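Structure, as structure tokens:
Every number here is computed from the coordinates shown, using simple stated rules; none is lab data. Since this is a predicted model, take the numbers as computed values, not measurements. Ideal geometry is used to build each Cβ from the backbone, glycine not excepted, and the neighbour counts take in all protein chains shown.
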Amino acid sequence: MAAFGSETNLAVSSTLSAAAQLPTTNRTRPRSPDFPLPKALRIQGKEGILFIAGIILLWQFVSTAIHFSGKYLFPSPVLTARTLWASLPELLLGTGYSFLILLPSLVFAILLGVAWGLVVGTTPALNRMFSPFARFASPVPPTIYIPYAIALLPTFRTAAGFVVFIGVFWPVFLNTANGAGALPQHYRDNARILGLEKTEYLRRVVFPATLPYIFSGISVGLVFAFIMLTVAELFGASNGLGRFVQLYADYADYPRMVAGILYTGVVVWISMEVLERIKKRALFWLK
Amino acid sequence: MSAAFVSEPATPQGRLGIEVQALQFAYNDAPVLVDINLNVAEGEFVCLLGPSGCGKTTLLRLIAGLDLPATGAIFCNGSAIQGPSLERGVVFQNYSLFPWLTLAQNIELALSKSHPQHDKHWRHKYAEDCLARVGLAESASQYPSLLSGGMQQRGAIARALALGSPVLLMDEPFGALDPINRAKLQDVVLEVWAKPRKTVVFVTHDVEEALYLADRVVMLGSSPGRIIQEIVVPFGRPRSRQLFKSREFGVLCERIDEHFREDILQRIEADSGIDAYREVN
């Protein structure tokens with residue numbers, strides 16, 4: 001029966017799909033280390049915190065050492081923290097503006113990337129039709145579209161939304177199509193034995209089976225979304241996180257600028273953590 | 001052949017359940033199955049017995065309609081098989097259940113196609129009934145990955161049962177199980193087979209399993225896969241495991257082994273014959 005098509009691989013050689021690997025396991029099994037840390041540093045699960053503390057210490061040291069050249073170009077951690085606290089209302093508002101552009105584009109790109117990826121990955125004819133184009137279009141660094149998007153589209157919001165969409169769509173689509181194309185034979189067999197129709201097959205079998213790949217794509221896409229958005233905001237926003245950094249760079253207010261960079265890092269990190277939680281919950285069935 | 005090995009026909013009517021005619025199947029030009037002719041009566045329990053690589057799983061997939069033969073035809077209840085159908089339920093060696101659905105949801109998904117006239121509530125009740133029949137009443141809301149291999153296979157059998165297919169195809173369903181679970185599940189299969197009576201084609205490489213379960217054992221040889229012998233199992237039903245100790249059972253096992261040995265020997269001789277011919281030329 002050709003209804004489900006055969007396994008097809010959308011062989012797009014691109015960094016976007018390179019990250020698409022099935023998470024091998026969800027279990028974290030304690031493993032004896034190959035190179036144990038010295039005893040003084042061995043605090044269970046605290047190695048990461050120790051490393052960050054070390055970086056901050058180094059930062060403090062360097063900023064004190066180069067004090068003469070102007071503390072405002074290389075602000076100390078303490079000054080940055082104080083500035084961050086003072087700028088928090090402005091930063092939170094900027095986050096709100098940024099997310100107003102980011103979220104709709106992100107959601108739309110994920111929905112379209114997943115839906116189209118599932119269909120293309122399971123339909124050889126569509127795959128043959130679409131993959132040459134995808135092979136050409138997906139490796140184009142999406143930041144390159146920004147100036148033209150801003151020129152072409154009526155408002156900054158639509159331009160930024162468009163480039164975020166491009167940045168998210170390709171990794172999500174490529175990973176989904178690859179995952180759907182590499183669907184294990186036994187899932188197909190079972191679906192055929194049960195007599196599932198194509199839409200049911202996509203919804204109840206291919207989609208859940210492809211979820212590990214889809215989440216790989218979304219992880220890459222989310223990082224791209226932030227890159228695209230902040231870069232776009234550097235170009236021509238009137239508010240948002242990227243705009244915050246650019247504005248204070250223009251005013252040579254580097255403590256605020258560094259605070260903005262740090263704050264953006266935290267926002268991206270929290271977003272990734274949230275995604276990780278959702279992924280763990282959705283992939284509960286993976287052994 | 002002694003009279004002891006002859007039994008009465010599986011069904012009084014003797015109607016054909018599955019008919020395989022002059023079937024050939026090749027994979028990438030390498031012949032997997034050649035010249036397969038096989039009739040399975042309605043309600044008969046047939047075991048396909050053979051070593052790994054003899055094409056018994058391929059034959060089962062062809063009967064299921066998951067693959068289509070290069071030449072020859074397969075008929076199920078009189079009509080040619082074009083693809084999978086709810087008429088033929090399948091239990092695979094493992095992976096019959098979708099890991100992202102609970103046992104009950106797996107069966108409800110199957111029921112949504114086989115019993116579309118019933119509502120969700122009915123399907124859930126019926127799924128629970130089917131699970132209860134295979135001893136999984138307590139596990140309806142469990143996910144397969146949390147269950148043992150034996151319980152997963154019970155779930156797969158429950159799903160096949162729920163479909164209500166008159167034909168049941170089983171591909172080494174207990175191949176990965178320990179002996180105790182294997183024995184328990186063999187009895188579950190016999191029970192499911194009996195009511196309501198179904199046609200079963202059961203693939204195995206275990207001689208004792210085949211003799212314990214089947215009305216008839218079809219022996220397949222390898223390279224390429226073909227039927228080397230059919231043996232009607234002379235034991236009445238219900239069967240008990242005491243059967244394994246009987247002299248007759250031992251003799252039959254021995255006879256089956258002898259057939260396989262002979263076939264392997266013939267193959268080796270035939271192959272070396274070809275080599276000798278090549279050397280001469």
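The angle between the Cα long axis of helix B:247-280 and the main principal axis of chain B comes to about 50°, on a 0 to 90 degree scale.
Taking 0.36 nm per residue of separation and subtracting the current Cα-Cα distance, fully stretching the chain between residue A:60 and residue A:47 would add 2.7 nm. Computed from label points 7 Å out along Cα-Cβ, the spacing between residue A:143 and residue A:125 is 4.2 nm. Between the helical axis of B:103-114 and the longest alpha-carbon principal axis of chain B there is an angle of about 80 degrees.
What's the ranking of A:123-129, A:232-238 by average number of surrounding C-beta atoms within 10 Å, highest first?
Numbers: A:123-129: 15.3, A:232-238: 20.0.
By packing density, highest mean first, the sequence is A:232-238, A:123-129.
At q = 0.10, 0.18, 0.20 Å⁻¹, what log₁₀ I(q)/I(0) does a Debye calculation on the Cα points of segment B:123-281 give, no solvent, two decimals? Debye curve over Cα of segment B:123-281, log10 I(q)/I(0) at q = 0.10, 0.18, 0.20 Å⁻¹: -0.48, -1.14, -1.30.
The mean number of partner chain beta-carbon atoms within 10 angstrom of a residue's beta-carbon across peptide A:181-193 is 5.
If R₀ is 35 angstrom, what is the calculated FRET efficiency for the pair residue B:141 and residue B:190, using the beta carbon separation as r and rounding to 0.05? Display every interim value, and only then the final one.
Numbers: r = 28 Å, r/R0 = 0.80.
Calculated transfer efficiency: 0.80.
The spacing between segment A:149-167 and segment A:208-265, judged by their C-alpha centroids, is 15 Å. Computed over the alpha-carbon pairs of segment A:247-287, the distance histogram in 10 Å steps reads 27, 27, 20, 15, 9, 1 percent, short to long.
What is the ratio of the Cα radius of gyration of segment A:76-200 to 2.2 N^0.38 Å, where N is its residue count, to two decimals?
Values: Rg = 20.6 Å, N = 125, 2.2 N^0.38 = 13.8 Å.
My calculation over the Cα atoms of segment A:76-200 gives 1.49.
R0 = 51 Å: FRET efficiency of residue A:100 with residue B:178, Cβ-based, nearest 0.05?
Efficiency, rounded to the nearest 0.05: 0.30.
Taking the C-alpha atoms only, the angle from helix B:120-133 to the longest principal axis of chain B is near 50 degrees. Once C-alpha pairs closer than 8 Å and six or more residues apart are averaged by separation and normalised to the residue number of chain B, the relative contact order reads 25 percent. Cross-link pairs exceeding 26 Å in C-alpha to C-alpha distance, out of B:113/B:184; A:46/A:279; B:113/B:195; A:280/B:184; B:56/B:184, comprise B:113/B:184; A:280/B:184.
How big, in percent, is the set of alpha carbon pairs in the protein assembly as shown lying more than 32 Å apart? Display every interim value, and only then the final one.
On the way: 97665 of 161028 pairs.
Percentage above 32 Å: 61.
Here each label is just a point 7 Å from Cα along the line to Cβ, and for residue A:197 and residue A:185 those points are 2.9 nm apart. Diffusion of chain B by Stokes-Einstein, at 10 °C in a medium of 1.306 mPa s and with Rh set to the Kirkwood radius over alpha-carbon pairs, works out to 80 µm²/s.
Report the calculated FRET efficiency for residue A:262 and residue A:155 (r = Cβ-Cβ distance, R0 = 35 Å), to the nearest 0.05. All intermediate terms of the calculation are to be shown ahead of the outcome.
Values: r = 29 Å, r/R0 = 0.84.
After rounding, the FRET efficiency stands at 0.75.
In this label model, residue A:111 and residue B:26 are separated by 5.1 nm, measuring between points 7 Å along each Cα→Cβ vector. For segment B:89-174, the square roots of the Cα gyration tensor eigenvalues, ordered a ≥ b ≥ c, give a/c of at least 1.5 with a/b no greater than b/c, which places it in the oblate category.
Ordering B:96-108, B:231-243 by mean Cβ neighbour count within 10 Å, with the highest value first, yields B:96-108, B:231-243.
Histogrammed with a bin width of 10 Å, the alpha carbon distances of segment B:13-155 distribute as 11, 32, 29, 23, 5 percent, first bin at zero. Using the Karplus relation 6.51 cos²θ - 1.76 cosθ + 1.60 with θ = phi - 60°, the per-residue 3J(HN,Hα) values for segment A:251-256 come to 8, 6, 8, 6, x, 5 Hz, with x marking Gly and Pro.
Averaged over peptide B:92-105, how many Cβ atoms belonging to another chain are found within 10 Å of each residue's Cβ?
On the way: counts 4, 1, 1, 6, 4, 1, 10, 7, 11, 4, 1, 0, 0, 1.
Mean partner shielding for this stretch: 4.
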